[in-house]
Structure formats: C-alpha cells, structure tokens
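Input: a single structure, listed below in structure tokens.
The values are calculated or read from the model by the stated rules, or taken from the named source; none is laboratory data. Computed from a predicted model, the values in this text were never measured in an experiment. For neighbour counting, all protein chains shown are included, and Cβ atoms are generated from backbone atoms with ideal geometry for every residue, glycine included.
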Amino acid sequence: MIMALTGLGLAGFVMAHMLGNLQLFEGPHALNSYAAFLRDMPIVLWAVRIGLLSIAVFHIGLALQLGMRNRRARPVEYTVHRYRQASIASRTMAISGMALLVFVGFHLLHLTAGVIDPGFNDRLDAEGHRDVYSKVVHAFQNPFVVLLYLAGQLGLGLHLNHAIASSIQTMGFEHAGLNRLLKALGPVIGLIVVLGNVAIILAVFLGIVR
C-alpha cells in the first residue's frame with residue numbers, strides 16, 4: 001500500500017511539473033513569472049522538496065525490498081509463465097526505475113541547481129526575475145543534452161505505463177468492469193506526460209521556441 005501511495009504521489013508531481021513547464025510556450029514572461037512565484041514561497045517550496053525526497057526514498061527502498069523478496073520467493077516455473085504474459089513496461093520496472101533515478105539526478109544538477117551548466121544561474125530578465133526561459137532554451141540547443149532528456153522520457157514513460165494502474169489496483173480499486181480502464185490509465189497518463197515534456201525539448205531544439 002505504501003509503495004502504491006508513494007508511486008502515485010510521485011506521478012502526481014511529475015504531471016504537475018510538466019504542466020508548469022509548458023508555460024515555456026507562452027513566452028519568457030510566463031515561465032519566469034511562474035518560477036518567481038514558486039521561489040517567493042520558500043517555506044512551501046522546501047516543504048514540497050523535502051516531502052518529495054522522503055517519498056522518493058521510501059518508494060525506492062520499498063521497491064528494492066520488494067524485488068529482493070520476490071526473487072527469493074518466486075519459483076522458476078512461475079517466473080517463466082509470468083514473463084511470457086507480462087508487458088514490456090512491467091518487465092522493465094526495475095531498469096526504468098534505475099534509469100529514472102540517474103536522470104533525475106542529472107536534471108537536478110543541470111537545470112535546478114545549475115551545477116552542470118552554471119552560465120545562466122544569475123541571469124535576470126527585464127523584470128528582475130531569474131531568466132529560467134533563457135536557461136532552458138540554452139540547455140536544449142545542445143544535442144547531447146537533448147538525447148539524455150529524451151532517453152529520460154523513455155524511462156519515465158515505461159515506468160508510468162505500468163506503475164499507475166498497478167498502484168491503483170493495489171489500493172483496492174480493482175473491479176472486473178474497470179480492469180480495462182485501469183490498465184489503460186497508466187499508458188494514457190504516461191503518454192500525456194512524456195509528450196508534454198518531449199514537446200518542450202524538441203520545440204527548443206528545432207528552433208520553434210527561441
């Protein structure tokens with residue numbers, strides 16, 4: 001149950017994060033004002049960050065514990081049978097999870113903390129806000145960075161594909177008439193999040209957003 005709740009919490013944040021970042025398409029004023037709005041609430045912002053970190057630690061720890069327990073308890077015949085029936089997303093949950101962990105670490109050092117590319121950290125726009133817009137545009141003009149972020153979105157999509165429906169069912173919402181809808185929910189939400197993020201990356205890289 002805790003695994004499911006933490007997973008849904010992280011999925012909710014990913015969706016909200018994507019929706020906020022889509023303001024890039026409205027121009028520098030919209031994105032920079034949004035970023036300034038978040039920074040003007042430091043207590044709330046840090047509470048959310050600490051909460052997300054705690055949820056992520058719980059989620060990863062429980063995932064590792066569950067994986068080791070299943071490996072010890074699962075017969076070989078059951079493993080073969082389940083592997084044939086399982087989807088690619090469900091079979092690669094551990095791999096996509098580890099890939100996401102690496103990607104999130106890179107993303108935090110890259111765009112959030114500005115450690116990897118600090119050139120725009122102190123740049124301000126005409127209104128005195130940190131110029132997050134220019135920082136993002138500069139970042140996604142680099143083909144290597146674009147490839148890393150696209151790979152991260154692939155891992156995110158695979159993980160959300162299986163995790164959302166599985167979490168909802170774990171919480172007891174499984175019903176014979178709703179199974180098909182629940183199974184479709186993960187891929188749909190995953191696709192929306194990934195398409196939103198990829199649209200941002202490619203719009204900058206292709207020069208649609210400058």
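Summary table
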quantity	calculated
Top-ranked residue of the stretch 28-47 - restricted to ones that are in contact with a strand residue (DSSP E or B) (Cβ under 9 Å, 6 or more places away or on another chain) and small (Gly, Ala, Ser), ranked as farthest from Ile200 (Cα to Cα)	Ala36
Selection count where residues are among the aliphatic types (A, V, I, L, M) and part of a loop (DSSP other than H, G, I, E, B), scope the stretch 1-30	1
Exclusive hit being closer than 28 Å to Asn161 by Cα, in a helix (DSSP H, G or I) and either modelled with pLDDT of 95 or more or under 19 Å from the mean Cα position of the chain (by Cα) (or both), set Ala63, Ala36	Ala63
Given (1) at pLDDT 95 or above; (2) in a loop (DSSP other than H, G, I, E, B); (3) loosely packed, with under 15 Cβ neighbours inside 10 Å, number of the condition Val209 does not satisfy	(3)
Test result for Val146, among the β-branched types (Val, Ile, Thr) and within 18 Å of Ala30 (Cβ to Cβ)	no
Members of the stretch 88-129 that are modelled with pLDDT under 85 and either in a helix (DSSP H, G or I) or loosely packed, with under 12 Cβ neighbours inside 10 Å (or both)	Ile88, Ala89, Ser90, Arg91, Met93, Ala94, Ile95, Ser96, Gly97
Looking only at the stretch 114-131, and only at residues there that are free of Cβ contacts under 8 Å to residues at least 24 places away in the same chain and over 19 Å from Phe144 (Cβ atoms), the one that is nearest to the chain's Cα centre (by Cα)	Asn121
Of residues in the stretch 138-150 being touching a helix residue (DSSP H, G or I) at 6+ places or on another chain (Cβ under 8 Å) and in a helix (DSSP H, G or I), the one surrounded by the fewest Cβ atoms within 10 Å (Cβ to Cβ)	Pro143
Residue check for Ile189: within 16 Å of Leu154 (Cβ to Cβ), aliphatic (A, V, I, L, M), at pLDDT 95 or above and touching a Leu at 6+ places or on another chain (Cβ under 8 Å)	no
Residues that are within 29 Å of Ser167 (Cα to Cα) and of a type in the set (Ser, Thr, Tyr), drawn from the stretch 1-33	Thr6
Of all residues making up the stretch 151-167, the number that are at pLDDT 80 or above, surrounded by fewer than 23 Cβ atoms within 10 Å (Cβ to Cβ) and not hydrophobic (A, V, I, L, M, F, W, C)	4
